[in-house]
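The values are calculated or read from the model by the stated rules, or taken from the named source; none is laboratory data. This is a predicted model, so every value here is computed, not measured. Methodologically, a virtual Cβ is constructed for each residue, glycine included, from the backbone with ideal geometry; neighbour enumeration extends over all protein chains shown. Just so you know, the surface numbers come from the protein's heavy atoms only, side chains and all, with ligands and any DNA or RNA stripped out. Shrake-Rupley method; radii C 1.70, N 1.55, O 1.52, S 1.80 Å.
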Amino acid sequence: MTSRSADELLQALYREHGDALTRYVRHLKRSGSGVAAGDGVEGVEDVVQETMVRAWQRPNVLERAPDSARAWLFTVARNLVVDQARSARNRRETGTDQPVERAEADRTDAVLDRIVVADALASLTPDHRRVVVDAYWLGHTVSEIARRHDVPEGTVKSRLHYGLRAIRLALQERGVTR
């Protein structure tokens, strides 16, 4: 293929898909669509231009059927937007004149603790789990638990004892306690 025919094919490709490609890239950059949230609409033309340059560098794309070429263009454009969002340039912090509203404590440890405790509770039998949850999370007394579950108070005490023992063992197996 001569360079003149490649240029003509590229122009035809842009005429046919350029507007739709620009709208698509603008949508990706504006809404984020899971790829570049908050990126804004800066650089839409740059992405479209780079997409067309890549098409020009691959003459086989220029000769594809229109639907196939369009799919290729949209895929390349999306990848470019994703690459921009992931680039170090986009990760830089930007200064602000406004003070930070309020720093919040990191809740990661609390979340992890809840997950480990929930996992340990799940390892109990249903009877032991109900009694432990009633006593320690809901704050019920032994007599209240006995009435709720229609079992003797001694059974509640026994289930609490063995339930707590099983939780302690489960937490030890998970490396939480000694």
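Among the residues of the stretch 122-142, the one identified as under 33 Å from the mean Cα position of the chain (by Cα) and open to solvent by less than 40 Å² (accessible area, probe 1.4 Å) is Leu124. One residue stands out in the stretch 57-70 among those that are under 17 Å from Gly18 (Cβ atoms) and over 35 Å from the mean Cα position of the chain (by Cα): the one that is surrounded by the most Cβ atoms within 10 Å (Cβ to Cβ), namely Leu62.
When only residues in the stretch 143-158 that are basic (Lys, Arg) and either modelled with pLDDT of 95 or more or over 43 Å from the mean Cα position of the chain (by Cα) (or both) count, which is least open to solvent (accessible area, probe 1.4 Å)? Checking each candidate, the answer is Lys157.
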